[in-house]
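Peer 1: What follows is a single structure, and I will ask about it in a moment.
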Amino acid sequence: MSKRRPRIGGDRLPRIRLLPVLVVLLCCGVISSCALLPYLTDLATSTNSVHLLLGNPSGATSDLNTPNNYLIARPQYALSYNRDKGIPNWASWQLNTSWLGSLPRASFVTDTSLPPTWYQVRPDDYTGSGFDRGHVVPAADRNNRQTDNEAVFLMTNIIPQAADNNRGPWEKLERYCRDLAKQGKELYIISGWVGSGGNGERGKKTAIARGKVAVPAATWKVVVVLNQPGLGLESISNDTRVITVVMPNRQGIKDSDWRSYRQSVDMLEQLTGYDFLSNVPVPIQTLLEAKVDKR
Ligand code: MN
Ligand code: MN
């Protein structure tokens, strides 16, 4: 007797077997498109982000092949994330009164929009480390809308900051910037860190969270002050005020004046290897970068 299978349905049989395969393939396609969506969104918004008006200091992109200079562009700010260090390299944001409100502080949250294979820093990674969860884009710079405030509490906007830096001259400069905004100015701020190893409430550390989060040696900031909102790049001249600071990430500086940490952009560019104000015409850029704010 022949063991050949009866040909039920004839040539329709292969098509029936293909159906589950097609369904699985279709589902995989839909799921992977959804997983890619946050990155595609970042890619789409990065080129025209208002927060990158002055430039992109490290040439960050949303290319997953450069995970330590990975651009995250949100409506609230743009930043370069460093996967291996578990902190942003820098963040850049616009500040004017439209961002300022009086909402209560949100809660720190893990940034689950990071690629799923990357380590996602958790709020409790900082617990007991001796370092503050230091906002790069300050909480009080984004407290007019709930979604904006939540965006600055994502752990991708946080670095380990010594309390005396974070709550001392660093915070005083943040307040000073908000005061300028309240006086009607529009600010473009770029802020980050440089070097390895800070001195917190539990002594010197180069990393916390079992090595997942690097502790920087210093924090820096470049603040470009425009006379009113909406003036844009064209309004930047040789007279534009630029405030640059570099502050050590250590205890013992709580009562220091932020003004005592002022430097030139040129010095900070040498220190970090970044190119700041790269969208400003070169003659003006050169002049502004050589100056140290004196006001
Ligand atoms: Mn802070
Ligand atoms: Mn430059």
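The values are calculated or read from the model by the stated rules, or taken from the named source; none is laboratory data. What you are looking at is a predicted structure, and each value in this text was computed from that prediction instead of being measured. Backbone-built Cβ (ideal geometry, glycine too); neighbour counts: all protein chains shown. The area values use the complete protein model at the heavy-atom level, side chains included, leaving out ligands, DNA and RNA. Shrake-Rupley method; radii C 1.70, N 1.55, O 1.52, S 1.80 Å.
Peer 1: Looking at the range 251-289 only, could you name the residues that are surrounded by fewer than 17 Cβ atoms within 10 Å (Cβ to Cβ) and within 16 Å of ligand 1 (Cβ to nearest atom)?
Peer 2: 254
Peer 1: Restricting attention to the range 245-264, does a residue exist that is assigned to a strand (DSSP E or B) and within 16 Å of ligand 2 (Cβ to nearest atom)? Can you show your working first?
Peer 2: Residues of the range 245-264 assigned to a strand (DSSP E or B): 245-248, 250, 262, 264.
From what is left, the residues that are within 16 Å of ligand 2 (Cβ to nearest atom) are 246, 264.
Yes, the range 245-264 contains a residue that is assigned to a strand (DSSP E or B) and within 16 Å of ligand 2 (Cβ to nearest atom).
Peer 1: Looking at the range 103-120, which of its residues are of a type in the set (A, V, I, L, M, F, W, C) and within 14 Å of the chain's Cα centre (by Cα)?
Peer 2: If we filter the range 103-120 for residues that are of a type in the set (A, V, I, L, M, F, W, C), which is where we start, we get 103, 106, 108-109, 114, 118.
Matches in the range 103-120: 114 only.
Peer 1: If you check every pair at least six apart or on different chains, which have Cβ atoms under 8 Å apart with a residue in the range 163-181 that is under 15 Å from residue 226 (Cα atoms) and open to solvent by less than 30 Å² (accessible area, probe 1.4 Å) first and a residue that is assigned to a helix (DSSP H, G or I) and more than 16 Å from ligand 2 (Cβ to nearest atom) second?
Peer 2: Short answer, once both residue conditions are applied: 177/141; 178/140; 178/141; 181/97; 181/99.
Peer 1: Looking only at the range 276-293, decide whether some residue is more than 15 Å from ligand 2 (Cβ to nearest atom) and under 21 Å from residue 56 (Cα atoms).
Peer 2: Checked against the condition, which is being more than 15 Å from ligand 2 (Cβ to nearest atom) and under 21 Å from residue 56 (Cα atoms), the range 276-293 yields no hits at all.
Peer 1: Six or more apart or on different chains, Cβ under 7 Å: which pairs go from a residue in the range 224-248 that's over 13 Å from residue 53 (Cα atoms) and open to solvent by 20 Å² or more (accessible area, probe 1.4 Å) to one that's β-branched (Val, Ile, Thr) and not in a loop (DSSP other than H, G, I, E, B)? Could you list them?
Peer 2: Taking only residues 6 or more apart or on different chains, the pairs are 237/284; 238/284; 241/225.
Peer 1: Additional query: Whether any residue in the range 214-227 is within 16 Å of ligand 1 (Cβ to nearest atom), under 20 Å from the mean Cα position of the chain (by Cα) and more than 28 Å from residue 129 (Cα to Cα) is what I want to check. Talk me through it step by step, then tell me what you get.
Peer 2: As a first pass, look at the range 214-227 and keep what is within 16 Å of ligand 1 (Cβ to nearest atom): 215-216, 218-221, 223.
Adding the requirement that they be under 20 Å from the mean Cα position of the chain (by Cα) leaves 215-216, 218-221, 223.
Now drop any that are not more than 28 Å from residue 129 (Cα to Cα), which leaves 223.
Looking through the range 214-227, at least one residue is within 16 Å of ligand 1 (Cβ to nearest atom), under 20 Å from the mean Cα position of the chain (by Cα) and more than 28 Å from residue 129 (Cα to Cα).
Peer 1: Return the residues of the range 247-261 that are farther than 21 Å from residue 223 by Cβ and basic (Lys, Arg); say none if nothing qualifies.
Peer 2: The initial filter retains those residues of the range 247-261 that are farther than 21 Å from residue 223 by Cβ, namely 250-252, 254-255.
Scanning the range 247-261 gives 250, 254.
Peer 1: Scanning for something under 17 Å from residue 159 (Cα atoms) and either at pLDDT 95 or above or among the basic types (Lys, Arg) (or both), does the range 93-102 turn up at least one residue? Spell out how you get there, then give the answer.
Peer 2: Initial filter on the range 93-102 (under 17 Å from residue 159 (Cα atoms)): 93.
Now restrict to residues that are either at pLDDT 95 or above or among the basic types (Lys, Arg) (or both): 93.
Yes: one or more hits.
Peer 1: Related question: Could you look through the range 188-223, keep only residues that are without any contact (Cβ under 8 Å) to a residue 60 or more places away in the chain and in a loop (DSSP other than H, G, I, E, B), and pick out the one that is nearest to residue 270 (Cα to Cα)?
Peer 2: The residue in question is 197.
Peer 1: Of the conditions (1) buried (at least 16 other Cβ atoms within 10 Å of the Cβ); (2) more than 16 Å from ligand 1 (Cβ to nearest atom), residue 102 fails just one. Which one is it?
Peer 2: Looking at each condition in turn, residue 102 falls short on (1).
Peer 1: Oh, and also: Test residue 220 against the stated conditions and say whether it is open to solvent by less than 10 Å² (accessible area, probe 1.4 Å), under 30 Å from residue 98 (Cα atoms) and either away from ligand 2 (no atom under 16 Å from the Cβ) or not charged (D, E, K, R) (or both).
Peer 2: yes
Peer 1: Could I ask something else about it? Output the residues belonging to the range 234-257 that are hydrophobic (A, V, I, L, M, F, W, C) and over 30 Å from residue 205 (Cβ atoms).
Peer 2: Of everything in the range 234-257, those that are hydrophobic (A, V, I, L, M, F, W, C) and over 30 Å from residue 205 (Cβ atoms) turn out to be 236, 242.
Peer 1: Within the range 185-195, identify whether any single residue is under 28 Å from residue 143 (Cα atoms) and open to solvent by 40 Å² or more (accessible area, probe 1.4 Å), and answer yes or no. Reasoning before the result, please.
Peer 2: From the range 185-195, those under 28 Å from residue 143 (Cα atoms) are 185-194; that's our starting set.
Filter again for open to solvent by 40 Å² or more (accessible area, probe 1.4 Å), leaving 185.
For the range 185-195, residues under 28 Å from residue 143 (Cα atoms) and open to solvent by 40 Å² or more (accessible area, probe 1.4 Å): present.
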